[in-house]
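Note sheet for the following structure.
The values are calculated or read from the model by the stated rules, or taken from the named source; none is laboratory data. None of these values were measured; they are calculated from a predicted model. Here the Cβ positions follow ideal geometry from the backbone for every residue, glycine too, while neighbour counts run over all protein chains shown.
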Amino acid sequence: MTFSCNFTEPVLASLIPHTANATSWFAAFDSNLPIFEITTKLRVAAFLGQVFIESGRLTVLLENLNYSASGLLAVFPSHFNTSTATANARNPQAIANIVYGGRMGNTEPGDGWKFRGRGILQITGRWSYNHFSQVLFKDDRLVQNPDIMLTEDIAVKVAGAFWNEHKLNGPADTSDMVAITKAINGGTNELDQRLATYKAVLAAVA
């Protein structure tokens, strides 16, 4: 038994909307989470509680930047005004390059779009893609082919590496979802949903 809690494929299937995908996702979790010592009920529940929010319960692995003008002003007020929001509305590629260009290691034209959020923790920016590629593979495969982060195995590997690097097993052991949320999200967005999801997963794997 890889996990010291009731985390099995049927349990995962009960927690996600597309149950047919449970086999491939559970295989990825089973292979990779033990590497990062995410095996206890508190750690598994904390990890999945965050992952499920970031990925729509494993249904969304690529950032959706198809914002309306009002959406741009609400979500990215420091990057758009009324005029530029109207001009770029519903243009995800342009939006990504405006929002992410010139930061997070994005130095080349089009980097904002190329390195938009991917995976089950929505890793973003050339720096992070290269960093986790080096950590996991000692090469630049995530930079050269970012879409491999949309596969179950690579998505879980990268999320596990992020979790490990930020030492999130510690706060998971004390059920400190606020600290974990801040590490992953940069703030406490959707904290209520994260707490509710955490509690649901915890009950399922207990």
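Here are the numbers for this structure:
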{"read-out": "Residue within the stretch 2-16 that is modelled with pLDDT of 95 or more, closer than 30 Å to ASN88 by Cα, among the aromatic types (Phe, Trp, Tyr) and part of a loop (DSSP other than H, G, I, E, B) present", "value": "no"}
{"read-out": "Residue that is surrounded by fewer than 16 Cβ atoms within 10 Å (Cβ to Cβ) and charged (D, E, K, R), where the choices are ARG118, ARG90", "value": "ARG90"}
{"read-out": "Residue check, GLU37 exposed (fewer than 14 other Cβ atoms within 10 Å of the Cβ) and without any contact (Cβ under 8 Å) to a residue 60 or more places away in the chain", "value": "no"}
{"read-out": "Counted residues, the stretch 165-194 - those being among the small types (Gly, Ala, Ser) and touching a residue at least 12 places away in the same chain (Cβ under 8 Å)", "value": "3"}
{"read-out": "The lone exception for PHE162 - which of (1) over 20 Å from THR39 (Cβ atoms); (2) crowded, with 16+ Cβ neighbours inside 10 Å; (3) without any contact (Cβ under 8 Å) to a residue 60 or more places away in the chain it fails", "value": "(1)"}
{"read-out": "Residue pairs meeting the criteria (Cβ under 8 Å; at least 6 apart or on separate chains; first without any contact (Cβ under 8 Å) to a residue 60 or more places away in the chain and within 18 Å of GLY112 (Cα to Cα), in the stretch 76-90; second of a type in the set (S, T, N, Q) and surrounded by 16 or more Cβ atoms within 10 Å (Cβ to Cβ))", "value": "PHE80/ASN88"}
